[in-house]
Each structure stands twice: as C-alpha cells, then as structure tokens.
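Asks: Starting off with a structure, shown below.
Bear in mind that the values in this text are calculations on the coordinates, not laboratory data. Computed from a prediction, not measured in an experiment: that's the story for all the values here. FYI the Cβ positions are ideal-geometry reconstructions off the backbone, even for glycines, and counts take in every protein chain you see.
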Amino acid sequence: MRFALHSLAMVAAFSLFAHVPAVAQQATASQPSRARSARDFPAARFEPVAQTAAYLAIYDRVAWITTDSLFALLRQDSTLTRQLGAEWFAYERDSVWHAVYGRFDPVADRYIQVAHFAARPGQPFRRQSEPADSLLARRYGRALAVTTARLPAAARESRARFNAYVRPVRAGGLELWYLPAWQLDGLLIHGMEFYYRVDSSGGRVVDSSYFVTPLRGGVPDTTQIVDIFNDAREVPTVGQAFFAYYYGRHFRAVYVHNRDFVTTFLDKAGGRTWIHALRAAPADTTGLEDAPP
C-alpha cells in the first residue's frame, strides 16, 4: 500500500483559512475516475479541512481547561450559575487565547459576562479582572443564539450533546461549527456536523451546510480501531477530520475511508502527520462500521 504524507505545522502556529465547507460536497452524476497512486490525493482540497480541524482542537482544549476553572469559581459562588447560558465561546487575539462564559440576552441584545479567562502559549489560564471586549462578546453571543435556534430536528432528536465552535473569517463574519461533544456516558461519537456562516454583526446567517448520518462511536479504548466510512467524498469532512485528529489518541487508530483514500492522523513521538493511503477498491461497509451508541 502506498502512502501520501500530508504534514501540518504545529497547531499553535496556523493561520485562519477561509473555509470551504467539506460537508457541502456532493457526488457527481457520472462515476468519477479512481485515483491511481498516493500522489493523486487532493491535498489542496484537504488542507483547509485539516486546518479547521486543528483550530477546533485548540478551541476545544481551551474549553476543557477553562471549564475546570469555571467550576471552581461556581463552587465559591453558586449564585453565578443563574447568570450562565449556553453562549460561551473562545477566541484568540495577539497570540492570547480567551474563554468567556456568560449568556446572551436577546431582548437587551447584550452579552452578560460571568467569567473571562486568558493565557499566552505555555502559561496557565487565569481569571481576568477585566471583562472581554464587549462588542466582540455581543457579536459572538448573538451568533451562537441565532445558529443554535436554527439547528435542525436531527440534532435535537439525536439526544446527543453538541459543542459549538466560533471562528472569525477574513471577510469579517463568523463561522460556527456544531460537533458531537464527549458524551456524559463516556462515548466519543461522530456522524453529524452543522456549519453556519454569519455576517459581521453575528445576527444573520448567510450560509449553512449539514452532514447527517447515524451517530456512531464507542468508549475510548486504545486497543480498538474506529473506521469511519465516507465513500461518497474525496476527502474527510471537518467533523471526521476533527475526530481523527483530536480523539485518535484515545483509540488504537481512527481511519476515514474516503472514495479513493483512507485517511488517518499519526500522532506519535517524532511526528504529527496526516497519512493518506490509496484504497484498493470500493469496500462493502456492511457490518464493518463501529457500533451505534
């Protein structure tokens, strides 16, 4: 089996790429010709997907760390709980990551901040005495409120927990991703992702795309392999790439089976690399995918 190596810079160093939604890809009417070697992997199409997945991984890590700090704060003052909503967010500015917790008040059109944490690379997150930029907070909070309200029935009916991620785009707006969270019963799942792009005010959705399949996954187990089948597309979706990149260390391996290639992320001592192996032939995936939760 021949492999293509797709290297990434260390995740702390990448820029904010304009996103080309992977979930919007559709199979063409005519049967496309199959790739013949690893050199045929569409690296240019996968690059923004990989960059987005890496950015979301940093965002998620910021959330994990600062949530612990938030819980410690709530243990000291439980009355703050009443001021919290679902519209928390993180952002990076001048090499400093910020996490802001509070809620968006749609009637007053303002964001009520409860806690603001920040840290430079390599330093611990600390609570800030000053609130985050109020205009930014209102814009992010508004975007979260607007897009959460537009999540389709499939998200609600799945009963799965989703995390929201907000990222600025060069045109001045924001893009938001909703991906399955680490579930309360310990499951790591994949199969649904929801993307929105809003205008610079955060109040108007200008683009959206969904990827909805049956949710599948399992409990973390470094002896098990997770196979994600993506036969209709040339490259992984953002959610699939995120799962392989961020959660792959909790399994023996995570393989995304695309139309012509199998993609995995190698995170071992001495290297962090995307690997794309040429598929020999379309596979019969019946009964092979990981079990539904």
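Asks: Any chance you could run the full-extension gain for R39 through A149? It's 0.36 nm times the residue separation minus the Cα-Cα distance, nm to one decimal.
Replies: Numbers: separation 110, 0.36 × 110 = 39.60 nm, distance 4.29 nm.
Full extension from R39 to A149 adds 35.3 nm.
Asks: Right, something else. Highest mean first, what order results for 120-128, 256-264, 88-96 on Cβ atoms within 10 Å? Before the final figure, lay out the partial values.
Replies: On the way: 120-128: 11.6, 256-264: 22.3, 88-96: 16.1.
Result, highest mean first: 256-264, 88-96, 120-128.
Asks: Taking θ = phi - 60°, what integer Hz values does the Karplus form 6.51 cos²θ - 1.76 cosθ + 1.60 yield along the range 97-102, in sequence order, with x for Gly and Pro?
Replies: Coupling constants for the range 97-102: 8, 10, 10, 10, 10, x Hz.
Asks: Only residues of the range 140-177 count here: report those whose backbone N is under 17 Å from the spot 7 Å along Cα→Cβ of D109, or say none.
Replies: Residues 140-147 qualify, since their backbone N sits under 17 Å from the label point.
Asks: Which of L151, T263, V205 sits closest to the plus end of the dipole of the range 137-293, meaning its Cα is farthest towards the positive end, when Lys and Arg get +1 and Asp and Glu get -1 on the C-beta?
Replies: V205
Asks: Need one number: % antiparallel among DSSP beta bridges in the range 132-281, to the nearest 5.
Replies: In the range 132-281, DSSP labels about 80 percent of beta bridges as antiparallel.
Asks: Once you place label points 7 Å from the Cα toward the Cβ at A171 and R204, how far apart are they in nm?
Replies: 1.2
Asks: Tell me, in nm to one decimal, what length is gained between D221 and R61 on full extension, where the rule is 0.36 nm per residue of separation less the Cα-Cα distance? Walk me through the numbers before you get to the answer.
Replies: Numbers: separation 160, 0.36 × 160 = 57.60 nm, distance 2.01 nm.
Taking D221 through R61 to full extension adds about 55.6 nm, to one decimal.
Asks: Continuing with this model, one more query. If we count other beta carbons within 10 Å of each Cβ, what is the order of S208, S129, S201, fewest first? Mind dumping the intermediate values first?
Replies: Numbers: S208 17, S129 6, S201 14.
Final ranking by Cβ density, sparse to dense: S129, S201, S208.
Asks: When ranked by the protection proxy of mean other Cβ atoms within 10 Å per residue, highest first, what sequence do the peptides 238-245, 174-181 form?
Replies: Numbers: 238-245: 26.4, 174-181: 22.2.
Ranked from most to least packed, the peptides come out as 238-245, 174-181.
Asks: What ranking, highest mean first, results for peptides 70-76, 135-141, 103-109, 192-198 when packing means the other Cβ atoms within 10 Å averaged over each residue? Please report the intermediate quantities before stating the final value.
Replies: Working: 70-76: 12.1, 135-141: 20.7, 103-109: 14.3, 192-198: 24.0.
Packing order, densest peptide first, comes out as 192-198, 135-141, 103-109, 70-76.
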